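The values are calculated or read from the model by the stated rules, or taken from the named source; none is laboratory data. Every value quoted in this text rests on a predicted model; they were computed, and no experiment measured them. Heads up, the Cβs are rebuilt from the backbone with ideal geometry, glycines too, and the neighbour counts pull from every protein chain shown.
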């Protein structure tokens, strides 16, 4: 959309409202989005003696003798818990566990359809970070992995750090690692478009919440020099001068670390000062428009890259960024080019770690997922730096790439070749898609009719 008229903008805002209208209609129609399905044969009632008492005791004894066999004899190998206290739900804030449950069910739906992963939504009425961590540790025997979701900072950092140190299964916080991985994938390809290198760019990170803190960490791990970057929070540019953060550095450790590592020019001020002379702006901040302004972006370097990831409205509209000379622009929305969407990452990544029974999800696995996503776009262009969720083979390749990296890093309990991992992921994802299509075709997932 170039130089839109007021009517164009009004039509766009109406499109923003459409998903909410349909959600209000369809959630009560289906009364939820996921259910339990049976995966074993039941020829007659005699089979219950195999799957339950007395036959099941044989499987129990084998696991008792060798606990690792639980991954062969139960569905633990393919089951993930989506855990949230509802304290920081995207666009809604602290709405509590019950109100957060529809989000976690939606996450479980994406896990299954895009990754072939069985996910269980678990909203908890527990808000102390260490209590959440202890709860997850107690639940470990039932799951092959844990997806933390929508937990407010700084508690989200504490929960993840504790579980990564103590859990024996992979733990992931999608608001941190998922967003950061997809941002890095998009950045890799955006830099190909403008002809720049990761180790030669400077980035202004607008917002210092969980997403951008992790995005900065992954960017630095991939070769970006933190000294030439700046981070901005609601009070201005971070740096050693921020005595307000130093005073709470024990609680906000990640933010204080950014104060030490970034902004070696000792810039002060706000967003306007932060973006001057930068190659890239990555904003995970307050929804706009107007959070980022065109006059500020005009001061960026030639070949500027801007990711405006706030939802439902990006920090600046695409046409405003284009008028400011931005070469590559991305948002979190599906109705603009270059959507930065966590759903491109977590289904395939978890498919990969589950298939090798990985012990953890490290930054190295996130980097492998980012490279896999970037490589899935054969010829990056200004309006095509990331794949879309419709490109379902992307998840298959991502799973195989992540699983292979987990094996290489010594994180896997199960060895397999790349081709074996690829075939396993393809089979699991195709099965989930075909099951859904069959249930719709047979009417077991009913047609709700046409809405507004």
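Quick notes on this one:
- Residues in the range 16-31 that are under 12 Å from residue 445 (Cβ atoms) and not in a helix (DSSP H, G or I): 0 in all.
- The range 93-123, residues that are touching a helix residue (DSSP H, G or I) at 6+ places or on another chain (Cβ under 8 Å) and farther than 24 Å from residue 133 by Cβ: 102, 110, 112, 113, 114, 115, 116
- Per-region count, the range 137-170, residues more than 19 Å from residue 75 (Cβ to Cβ), touching a residue at least 40 places away in the same chain (Cβ under 8 Å) and crowded, with 24+ Cβ neighbours inside 10 Å: 5
- Matching entry among 436, 404 (being assigned to a helix (DSSP H, G or I), touching a helix residue (DSSP H, G or I) at 6+ places or on another chain (Cβ under 8 Å), modelled with pLDDT of 95 or more and surrounded by fewer than 15 Cβ atoms within 10 Å (Cβ to Cβ)): 436
- Among the residues of the range 146-188, those identified as part of a helix (DSSP H, G or I) and more than 22 Å from residue 351 (Cβ to Cβ) are 155, 156, 157, 158, 159, 161, 162, 165, 166, 187.
- Selection count where residues are in a loop (DSSP other than H, G, I, E, B) and crowded, with 20+ Cβ neighbours inside 10 Å, scope the range 361-375: 1
- The criterion of being in a loop (DSSP other than H, G, I, E, B), assigned by TED's automatic domain parsing to the domain that holds residue 186, in contact with a helix residue (DSSP H, G or I) (Cβ under 7 Å, 6 or more places away or on another chain) and free of Cβ contacts under 8 Å to residues at least 12 places away in the same chain holds for residue 249.
- In the range 261-319, of all residues being out of contact with any strand residue (DSSP E or B) (no Cβ under 8 Å at 6 or more places or on another chain) and in a helix (DSSP H, G or I), the one that is surrounded by the fewest Cβ atoms within 10 Å (Cβ to Cβ) corresponds to 295.
- For the range 320-356, a residue qualifies if it is within 30 Å of residue 169 (Cα to Cα), touching a helix residue (DSSP H, G or I) at 6+ places or on another chain (Cβ under 6 Å) and assigned to a loop (DSSP other than H, G, I, E, B), and the qualifying residues are 340, 345, 356.
- Of the residues making up the range 219-232, those that are closer than 21 Å to residue 178 by Cα and surrounded by fewer than 22 Cβ atoms within 10 Å (Cβ to Cβ) are 220, 221, 222, 223, 226.
- When 203, 188 are checked against the criterion of being in the same structural domain as residue 328 (by TED's automatic domain parsing), more than 27 Å from residue 33 (Cβ to Cβ) and buried (at least 24 other Cβ atoms within 10 Å of the Cβ), a single residue qualifies: 203.
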